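Asker: If you scroll down you'll find the structure; I have some questions about it.
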Amino acid sequence: MSRLIRYSPLDRVFDRAFGPAFLFNGDATAAEGSIKLDVVETPEAFVVKAELPGIAKDKIEVNVEDRNVTIGAEFLNEVDANGKSLWQERSFGKTSRSIRLPESVDANAAVATHVDGVLQLTLPKIAKTNAKQITIQ
């Protein structure tokens with residue numbers, strides 16, 4: 001099922017001030033020029049895929065803390081010094097995207113790969129401790 005999401009110029013003002021809106025329930029509105037994400041949950045981990053076309057892996061910053069994941073990058077405006085831009089649709093500048101996962105993840109065991117402009121983060125869930133009733137003596 002496809003849904004049309006209307007995005008007004010006023011939304012851009014709020015996005016620049018407060019960051020793009022993101023609701024974890026799968027209903028997301030990503031600002032133009034922001035990092036587009038897919039998040040998949042498996043029994044063992046969360047897998048986050050982020051579109052970062054044209055960005056070298058050493059120019060991407062990823063921070064993971066507890067349930068919070070932030071991905072940052074800078075899209076450069078690459079115009080030849082001797083040329084002039086006739087048409088420009090690609091966004092440029094610094095951008096970042098933050099999400100809050102439903103469960104805590106083990107940042108020390110996280111794995112990141114960057115292939116063909118797609119960053120993939122595999123974020124293992126923290127093992128839940130077993131609950132135990134303690135007998136009072």
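The values are calculated or read from the model by the stated rules, or taken from the named source; none is laboratory data. Note that the coordinates shown come from a computational prediction; the quantities given were computed from them, not determined experimentally. Note that each Cβ is placed from the backbone with ideal geometry, even for glycine, and that neighbours are counted across all protein chains shown. Areas reflect the complete protein model, heavy atoms only, side chains present, ligands, DNA and RNA absent. Shrake-Rupley method; radii C 1.70, N 1.55, O 1.52, S 1.80 Å.
Asker: Only one of these is in contact with a helix residue (DSSP H, G or I) (Cβ under 8 Å, 6 or more places away or on another chain), of a type outside the set (Lys, Arg) and open to solvent by 40 Å² or more (accessible area, probe 1.4 Å): 65, 89. Name it.
Answerer: 65
Asker: Now for a separate question. Taking the condition under 15 Å from the mean Cα position of the chain (by Cα) and open to solvent by 80 Å² or more (accessible area, probe 1.4 Å), does residue 94 pass?
Answerer: yes
Asker: Would you check which residues across the stretch 76-105 are among the β-branched types (Val, Ile, Thr) and under 18 Å from residue 62 (Cα atoms) and list them?
Answerer: 95, 99, 105
Asker: Just checking: which of the strands (runs of 3 or more DSSP E) contained wholly in the stretch 33-137 hold 1 or more residues that are touching a residue at least 12 places away in the same chain (Cβ under 8 Å), in contact with a strand residue (DSSP E or B) (Cβ under 8 Å, 6 or more places away or on another chain) and on the phi > 0 side of the Ramachandran plot?
Answerer: Ranges flagged: 93-100.
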